[in-house]
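Below is one structure, written out as structure tokens; the observations come after it.
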Amino acid sequence: MLNRVRSAVAHLVSSGGAPPPRPKSPDLPNSTSAPPAAPPQAPRSPPARAGSGSAAPARTVESRASFCRPTFLQLSPGGLRRADDHAGRAVQSPPDTGRRLPWSTGYAEVINSGKSRHNEDQACCEVVYVEGQRSVSGAPREPSRGQGLCFYYWGLFDGHAGGRAAEMASRLLHRHIREQLKDLVEILQDPSPPPLCLPSTPGAPGSSDSSHLVGPQSCWSSQKEVTHESLVVGAIENAFQFMDEQMARERHGHQVEGGCCALVVVYLLGKVYVANAGDSRAIIVRNGEIIPMSREFTPETERQRLQMLGFLKPELLGGEFTHLEFPRRVQPKELGQRMLYRDQNMTGWAYKKIELEDLRFPLVCGEGKKARMMATIGVTRGLGDHNLRVCSSTLPIKPFLSSFPEVRVYDLTQYEHCPDDVLVLGTDGLWDVTSDCEVAATVDRVLSAYEPNDPSRYTALAQALVLGARGTPRDRGWRLPNNKLGSGDDISVFVIPLGGPGSYS
């Protein structure tokens, strides 16, 4: 078994194959649609035609159904074929037909250069109406559109080992957020602090008097302060968990193979909530200043969390991995010698005597983009991956791969934003070859070439960012102006203006 794990470093799990067909996954229950102010939803782009080959008919049907692009791109069959062309790598953006994305959001994407069969990124941009389902007193209320809330939603989903998980998350995650916000509608509209408990309805379980169960107050009499902002953060966090659980339930019947990183933005009541689970990135460029709104979750950045889990639950390591980290693989001839190491509690290094169990494969190996967890996957947070196993092993990856996002909050009401202030979201295909400073420079260069009230400027900026990361085709692949390799990955970019036309007003 140890030899098989060693070979996994050189033969990491690839994602080139197409998974078997599956029926369409059922959506969450329907609820009140968005108010008339929301742009109408365009029909989903028709599936691309399958290429010629000797695949069985069932595989051909799957191939056609497996490739779909975001609805708002409104791609024709010909546009879908161009979007699926690895050689041409044409940049795709919503058509300039006057019906723009909310806030005049800019979007652009491009397929990879052959890394996977199809573009495994997905994107979603919606205006979502939330209808409250109870009052603060706990009594159900009659549906009333005036009592609800709207939130604006953007999502980027970077799939791996297939695009099914990313496609499912792009359809359903905002609906899970809506469900989590239903209980909070009236609470969020009330300036007073949130109630500690929501009373149950009359006659419901738990509605009887239980005061006799409460002991003396003593030192527990104080109550923690909970803000409205933290309620929204909790709703988003719960939504990610429920989305992941739904993928687990439906992974067999609907063949939801693989997983995806998720980067989501929610605008609600004057604040922007950025939730990230994976290695995509979001930054705000405001008056030339760069404000990070996320951090990447990789085996290197989450080393201590992974080591702690392996330390507390060694059975998850299957006797094949060690939770300790060494500067390099320990060799059998080094048994008894003292070598540098660090454990789950350490940021520095110390020496320890090498023992037999230290010869096991490291839980985290490699550096930078080559870092892998359990020699299998390069991200440590995301949705899905419930079937993922260590290469040539039965050890599951999921206990170490968390679906829990980090949520950062930006209060738009605290600043006066100009039309050149933007929030940029990008999958790792952008950030692999582009720094924050380079993105900020592109923001300044592109937006300064347009009139401030021209809403098409944000789509032009998204296209420039994608083109800058993709590069141009040359004899030795796609190259940047400095002749370095461009990004060979799928690239997806949202540009969300924070002021001027299309603002949150």
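The values are calculated or read from the model by the stated rules, or taken from the named source; none is laboratory data. Small disclaimer: the values here were computed from a predicted structure and weren't measured. Positions of Cβ are generated from backbone atoms using ideal geometry, with glycine treated the same way; all protein chains shown enter the neighbour counts. The protein model used for the area step is the full one, side chains on, heavy atoms only, and it has no ligands, DNA or RNA in it. Shrake-Rupley method; radii C 1.70, N 1.55, O 1.52, S 1.80 Å.
Taking the options R281, R251, R305, name whichever one is among the charged types (D, E, K, R), touching a residue at least 24 places away in the same chain (Cβ under 8 Å) and touching a His at 6+ places or on another chain (Cβ under 9 Å).
Residue meeting the stated conditions: R251.
Which of the residues belonging to the stretch 228-248 are open to solvent by 50 Å² or more (accessible area, probe 1.4 Å), out of contact with any strand residue (DSSP E or B) (no Cβ under 9 Å at 6 or more places or on another chain) and in contact (Cβ under 8 Å) with a residue 12 or more places away in the chain?
N238, Q241, F242
Kindly provide the set of residues from the stretch 293-321 that are in a loop (DSSP other than H, G, I, E, B), basic (K, R) and either farther than 18 Å from L395 by Cα or modelled with pLDDT under 95 (or both), ordered by number.
R295
Looking at the stretch 274-290 only, could you name the residues that are part of a strand (DSSP E or B) and open to solvent by less than 10 Å² (accessible area, probe 1.4 Å)?
V274, A275, N276, A277, A282, I283, I284, V285
I'd like the full set of residues that are closer than 18 Å to K224 by Cβ and part of a loop (DSSP other than H, G, I, E, B), limited to the stretch 179-198.
Listed by number, the residues that qualify are S192, P193, P194, P195, L196, C197, L198.
Among (1) at pLDDT below 95; (2) within 23 Å of P292 (Cβ to Cβ), which single condition is V264 missing?
Evaluating V264 over (1) at pLDDT below 95; (2) within 23 Å of P292 (Cβ to Cβ) leaves (1) as the failure.
Within the stretch 394-415, restricting attention to residues that are open to solvent by 50 Å² or more (accessible area, probe 1.4 Å) and part of a loop (DSSP other than H, G, I, E, B), which residue is farthest from W103 (Cα to Cα)?
T394
Checking G348 against (1) free of Cβ contacts under 8 Å to residues at least 24 places away in the same chain; (2) closer than 24 Å to F400 by Cβ; (3) open to solvent by 40 Å² or more (accessible area, probe 1.4 Å), which single condition isn't satisfied?
Answer for G348: the failing condition is (3).
Confirm whether L425 is buried (at least 21 other Cβ atoms within 10 Å of the Cβ), modelled with pLDDT of 95 or more and not acidic (D, E).
yes
Would you confirm, using the coordinates I've provided, whether N387 is assigned to a loop (DSSP other than H, G, I, E, B), open to solvent by 50 Å² or more (accessible area, probe 1.4 Å) and either modelled with pLDDT of 95 or more or among the hydrophobic types (A, V, I, L, M, F, W, C) (or both)?
Criteria not met by N387.
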